[in-house]
Amino acid sequence: MVGSFIILAIAGLLRLTAGTLTGKFSWLSKIIPYLNYGCYGALGLFGLFVLINLAKAIFGGRRTRR
């Protein structure tokens, strides 16, 4: 879960940086849609891990058999 958050943060920073530098470098405008897809994918992966951890916390993650 921490790793997916780090990937999300890196993808977001790359997207933000590319968005601010498109005025100086026109070739970055071709990369922005792919960075958007990367951000959406990382956000989905992070959301999936959050939902899994919430389900484990609510329904009791480990059940011991006796």
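The values are calculated or read from the model by the stated rules, or taken from the named source; none is laboratory data. Fair warning: this is a prediction, and the values are worked out from it, not measured in the lab. Every residue, glycine among them, receives a Cβ derived from its backbone with ideal geometry; neighbour counts consider all protein chains shown. These accessible areas exclude ligands, DNA and RNA; they are computed on the full protein's heavy atoms, side chains included. Shrake-Rupley method; radii C 1.70, N 1.55, O 1.52, S 1.80 Å.
Helix-only mean residue ellipticity at 222 nm, the chain, DSSP H runs n ≥ 4 weighted -39,500 (n - 2.57), per residue, nearest 500. What is it?
One gets -25000 deg cm²/dmol as the mean residue ellipticity at 222 nm.
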Open item on the list: I'd like to check one number: the per residue accessible area of the stretch 1-50, probe 1.4 Å, reported in Å² as a whole number.
Closed with: 72
Open item on the list: If packing is taken as the average number of other Cβ atoms within 10 Å across a peptide's residues, how do 39-52, 14-27 rank, most packed first?
Closed with: 39-52, 14-27
Task: Matching label, P(r) over Cα pairs in 5 Å bins from 0, in percent computed from the structure shown, candidates [x] 3, 18, 18, 15, 12, 10, 8, 6, 4, 3, 2, 1, 0, 0; [y] 4, 21, 34, 24, 13, 4, 0; [z] 3, 17, 21, 21, 16, 10, 6, 3, 2, 1, 0 - done: [x]
Task: Accessible surface of the chain [probe 1.4 Å, protein heavy atoms]: carbon and sulfur percent - done: 70
